[in-house]
Amino acid sequence: MSTEHPMKTPPPRIDISLVPAAAAPDGGLVGEIADLVNRVYAVAEAGLWVDGALRTTAAEMAQLVADGEIAVARSDGRLVGGVRIQLLDGGVGEFGMLVAAPDRRGEGIGRELIGFAEGLSRGRGCTVMQLELLVPRAWTHPTKEFLHAWYTRIGYRPVRSGAIDESYPHLAPLLATPCAFVIYHKRLAGDGRPTVLTPHTASVRASH
């Protein structure tokens, strides 16, 4: 009887990088990123927005790229994820608009994108990482409950909540149900330790 075991197929290589600001006029690229964000959020925030409301547009995405705030994950050249990374006041970095391609879930892409955002923010002098989670006030959304548990496992803690119509009044009319946003913080290590990612990450590149 043979004792040999079949070789396991190695996990796909994931490359993460900031999209160069010079790529903002590339309609095909910004449209592809915006489409991925909208497809993911249509499921992740189902029931929170009125029919036809989009999380972002190609025009908005082009501006975010021009501002140097969008990082993407690629596998064999294919777009498989993305995240927005901002530098706020007071040494706070923030990530948002986190997405992974639906057919690549469970591969750690989201975790790697967060690790990239944290590492980039730490390199920019940030000591705290922030995220905002939109949640319905009167009922429990399964995706939001999952995200709360996941963010908590990777070190994020709720610090306060706010009304969406106070901070984002232009979005309030698009809500299908009353919502609040919960702000989470995570303190970033300041000792220069590298961000720990999953083993199949082959390269993570940051452009400052």
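Worth a mention:
- Residue in region 51-67 that is of a type in the set (Gly, Ala, Ser) and under 20 Å from TYR151 (Cβ atoms) present: no
The rows are residues; the columns are (1) out of contact with any Cys (no Cβ under 7 Å at 6 or more places or on another chain); (2) aromatic (Phe, Trp, Tyr).
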site: TRP49; (1), (2): yes, yes
site: GLU60; (1), (2): yes, no
site: GLY68; (1), (2): yes, no
site: ALA73; (1), (2): yes, no
site: GLY81; (1), (2): yes, no
site: VAL92; (1), (2): no, no
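- Answer from ALA22, ALA34 - the residue that is at pLDDT 95 or above, loosely packed, with under 15 Cβ neighbours inside 10 Å, small (Gly, Ala, Ser) and part of a helix (DSSP H, G or I): ALA22
- Restricting the first member to region 140-167 and to residues that are in a helix (DSSP H, G or I), and the second to residues that are not hydrophobic (A, V, I, L, M, F, W, C), the beta-carbon pairs closer than 6 Å and six or more apart or on different chains are TYR151/TYR184.
- Contact annotation: residue pairs with Cβ atoms under 9 Å, 6 or more positions apart or on different chains, pairing a residue in region 28-53 that is free of Cβ contacts under 8 Å to residues at least 24 places away in the same chain with a partner that is surrounded by 16 or more Cβ atoms within 10 Å (Cβ to Cβ) and of a type in the set (D, E, K, R), are ASN38/ARG55; ALA42/ARG55.
- Some residue of region 122-129 being under 14 Å from GLU94 (Cβ atoms), part of a loop (DSSP other than H, G, I, E, B) and of a type in the set (A, V, I, L, M, F, W, C): yes
- Region 123-164 - residue that is of a type in the set (A, V, I, L, M) and exposed (fewer than 13 other Cβ atoms within 10 Å of the Cβ) and, of those, farthest from GLY106 (Cα to Cα): ALA138
- Members of region 168-206 that are part of a strand (DSSP E or B) and modelled with pLDDT of 80 or more: LEU175, CYS179, ALA180, PHE181, VAL182, ILE183, TYR184, HIS185, LYS186, ARG187
- The residue pairs whose first member lies in region 95-113 and is touching a residue at least 40 places away in the same chain (Cβ under 8 Å) and under 28 Å from CYS126 (Cβ atoms), whose second member is buried (at least 17 other Cβ atoms within 10 Å of the Cβ) and acidic (Asp, Glu), and whose beta carbons are closer than 8 Å, counting only pairs six or more residues apart or on different chains, are ALA100/GLU107.
The values are calculated or read from the model by the stated rules, or taken from the named source; none is laboratory data. Just so it is clear, the structure is predicted and the values come from calculations on it, not from any experiment. Every residue, glycine among them, receives a Cβ derived from its backbone with ideal geometry; neighbour counts consider all protein chains shown.
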